[in-house]
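Worksheet for the structure shown next.
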Amino acid sequence: MKKVLNVRTILAVVLVAYLAINLITTQFDLVNKRQQLEILQQQKARVQLEVNDVQYILNYESEEEYIERIARQRLGYANPDEKVFKDIQGE
């Protein structure tokens with residue numbers, strides 16, 4: 001009878017250990033998937049902003065207006081007869 005009790009005890013301990021390990025790995029997987037979801041949601045938000053920008057360009061700006069806007073904003077260009085002032089106080 002004592003051997004049967006020991007076998008049952010060993011089986012119960014093994015089962016509990018298996019379930020605990022399974023639960024822990026599942027929790028790690030869940031945390032990992034949540035992090036991946038957050039990254040994907042951030043990427044989706046960035047892509048949506050790009051889509052909105054392109055949609056605005058298609059609907060409201062001509063190609064020349066778009067090129068001029070990008071040249072001014074990103075490259076710092078100006079027309080030859082234009083004076084551009086930069087606020088250096090914030091730097």
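Worth pointing out:
- Span per principal axis, largest first, for the Cα atoms of the stretch 1-52 (Å): 75, 9, 5
- For the chain, accessible area per residue (1.4 Å probe, heavy atoms of protein chains only), Å²: 99 Å²
- Share of carbon and sulfur in the accessible heavy-atom surface of the chain [1.4 Å probe, %]: 61 percent
- Helical mean residue ellipticity (222 nm; -39500 (n - 2.57) per DSSP H run of 4+; nearest 500) of the chain: -29000 deg cm²/dmol
- More than 17 Å apart - percent of Cα-Cα pairs taken over the chain: 76 percent
- Solvent exposure, largest accessible area first (probe 1.4 Å, DNA, RNA and ligands not counted), of Ile88, Ile57, Ile24: Ile88, Ile24, Ile57
- Loop chymotrypsin sites (Phe, Trp or Tyr not before Pro), the stretch 22-83, which have at most 16 other Cβ atoms in a 10 Å radius of their Cβ (DSSP): Tyr77
- Computed over protein heavy atoms with a 1.4 angstrom probe, the accessible surface ordering of Asp29, Asp53, Asp81, Asp87, largest first, is Asp81, Asp87, Asp29, Asp53.
- Charge dipole (debye, nearest 20) of the chain; +1 at Cβ of Lys and Arg, -1 at Cβ of Asp and Glu: 1540 debye
- Proximity of backbone amide H atoms, modeled 1.01 Å from N, is registered between Tyr77 and Arg72 at under 5 Å, excluding neighbours fewer than 5 places apart on the same chain.
- For Glu68, the accessible area of its heavy atoms, probed at 1.4 Å with every protein chain present, is near 90 square angstrom.
- Calculated FRET efficiency for the pair Ile88/Tyr66, C-beta based, R₀ 25 Å, to 0.05: 0.30
- Among Ile21, Gln55, Asn6 - extreme Cα towards positive end, dipole of the chain, charges at beta-carbon: Asn6
The values are calculated or read from the model by the stated rules, or taken from the named source; none is laboratory data. These numbers come from a predicted model, not from an experiment. Every residue, glycine among them, receives a Cβ derived from its backbone with ideal geometry; neighbour counts consider all protein chains shown. Accessible surface areas use protein heavy atoms only, side chains included; no ligands, DNA or RNA. Shrake-Rupley method; radii C 1.70, N 1.55, O 1.52, S 1.80 Å.
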